[in-house]
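The values are calculated or read from the model by the stated rules, or taken from the named source; none is laboratory data. Values in this document were obtained by computation on a predicted structure and should not be read as measured data. Cβ placement follows ideal geometry from the backbone for every residue including glycine, while neighbour counts extend to all protein chains displayed. Just the protein is used for accessible areas: all its heavy atoms, side chains included, with ligands, DNA and RNA removed. Shrake-Rupley method; radii C 1.70, N 1.55, O 1.52, S 1.80 Å.
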Amino acid sequence: MALPTPGSTAGATTDQLLVEANGSTRTLILNRPKQLNSLSSTMIKELLRYFTAYEKDDGVKLLIVKGKGRGFCAGGDVAAGVQSIYNGLEMGCRFLQKSVFVKLHNCTYIKPQVSLLTGIVMGGGAGLSLHGRFRVATDKTVFAMPETALGLFPDTGASYFLSRLPGFYGEYIALTGARLDGVEMLACGLATHFVQSNRLLLLEESLEMVDASNTFAVCGVVDQFAEQPALKENSSLKRMELINKCFSKRTVEEIISALEQVASNLVDGWLAATIQSLKKASPTSLKITLRSIREGRTQTVGECLRQEYRMVCHVVRGDFRRDFFEGCRAILVDKDQNPKWMPPRLEQVHEKAVEQYFSKISDPEWEDLNLPIRHSHGRNIESKL
């Protein structure tokens, strides 16, 4: 498919990614609405191609990314990803690498990017948007990183953006898979703006008329539509004292113990749900997730992306445990919602087992990630691991 020429107003399309050109603005529309726009290998390849081409095109000044239907993006297409692994190590390696490079472009993109986060934003959908300059949440936004329930861990640069949330809120989000609404995303810093969903079309039209070469002008337009709504009374952000007290503990076992101690003296639905989520998740995933978030606090974006790549390679290859495949079976295939984790208890996941997931892949058919040097937003993503 040919890229739209500068100034063209005609839409271009693949089946899974729509492209609209209006003046110097390009809008990329994720187009798998029945799958809540989960990212397939085709979408990842096309996104990378467009990101690269538009960055070099002087006729393109602004990039808007959104999803078609009721979701922005529910994450990566897990079933397709697993199938690519089964089709061969090299294919699986390329699939994962292209996914990382999309996030790399997103967090270092030179030109303004506005992500319209209405509907479901999970997993890879967060990685596609939350590293960008403008992240617009709405009254219909639902955000989560539910990977530990699937035997995986939050990747796509999550160890960078979650570790930089207030207090220990990132640990809470990563370990429990808790859902946030658009107001909570704004309040904790995951979103830069909040706009009512019924005003998004007007926002897009206004952005198409602005001098997009001026980042401050783009910000000014979004600011005109933005609101500062109040948090709901039951928001987890109103429990930050408790979250910091419990999720600051050194180990997952200590976190659960601290929560249970509070729950023993207090009948609280939020506490019960939080403890249940932790006890239902993969013990191995919980432990590597906690370490990933803690290490992410002192790492660059590039270091986080490279480390997460190594970790997810070990997980999907089944080098040490098979929890990811068991999670896929229980939740996505058989849907019995009863995964049999191995080992089944936290105390059986030893530190040496956790350490393995952070090691370099020692397989010539599964090469390590070689990130190009990119500079943007005052950040250097180059890493040397």
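The gain in end-to-end length when the ASP15 to LYS98 segment is fully stretched comes to 28.0 nm, 0.36 nm per residue minus the alpha carbon separation.
Using heavy atoms of the protein chains and a probe of 1.4 Å, the accessible area assigned to ARG164 is about 100 Å². Short-range pairs are left out: with C-alpha atoms under 8 Å and at least six residues apart, the relative contact order of the chain is 15 percent. Among beta bridges identified by DSSP and lying wholly in the chain, the antiparallel ones come to about 35 percent. Entry note, segment 227-385: relative contact order of 23 percent, from Cα contacts under 8 Å with a spacing of 6+ residues. Whole-Hz Karplus values for segment 351-363 come out as 4, 4, 5, 5, 4, 4, 5, 9, 8, 5, 5, 9, 8 Hz, taken residue by residue from phi with 6.51 cos²θ - 1.76 cosθ + 1.60 and θ = phi - 60°; glycine and proline positions read x.
When nucleic acids and ligands are ignored and a 1.4 Å probe is applied, TYR160 ends up with an accessible area of around 40 Å². When Rg and Dmax of the Cα atoms in Å is computed from the coordinates, the matching label among (1) 21.1, 81; (2) 20.5, 65; (3) 23.1, 80 is (2).
Helix 269-280 and the long axis of the chain differ in direction by around 80°, with both axes built from C-alpha atoms.
Against the chain, whose longest principal axis comes from its Cα atoms, helix 41-56 is set at around 50 degrees. Applying a DSSP loop filter and a limit of 15 other Cβ atoms within 10 Å to the trypsin sites (Lys or Arg not before Pro) in segment 214-252 leaves LYS232, ARG250.
Helix 252-263 and the longest principal axis of the Cα set of the chain meet at an angle near 80°. Computed over protein heavy atoms with a 1.4 Å probe, the accessible surface of segment 33-78 works out to 40 Å² per residue. For segment 133-219, the relative contact order is 38 percent, taking Cα pairs closer than 8 Å that sit 6 or more residues apart in sequence and dividing their mean separation by the residue count. Look at where the Cα atoms of segment 129-158 and of segment 267-300 average out, and the two centres are 15 Å apart. Within the accessible area of segment 244-316, what % is carbon and sulfur when the probe is 1.4 Å and the other protein chains stay in place? That fraction is 51 percent. The mean of 1/r over all pairs of different alpha-carbon atoms in segment 297-363, once inverted, gives a Kirkwood hydrodynamic radius of 13.4 Å. Computed extension gain for LYS335 through PHE320, at 0.36 nm per residue and net of the alpha carbon distance, reaches 3.0 nm. Computed from the Cβ-Cβ distance with R0 of 30 Å, the FRET efficiency linking MET209 to ALA230 stands at 0.45. Amide H contacts under 5 Å for ARG164: none, restricted to partners 5 or more places along the chain or on a different chain, H placed in the peptide plane at 1.01 Å from N.
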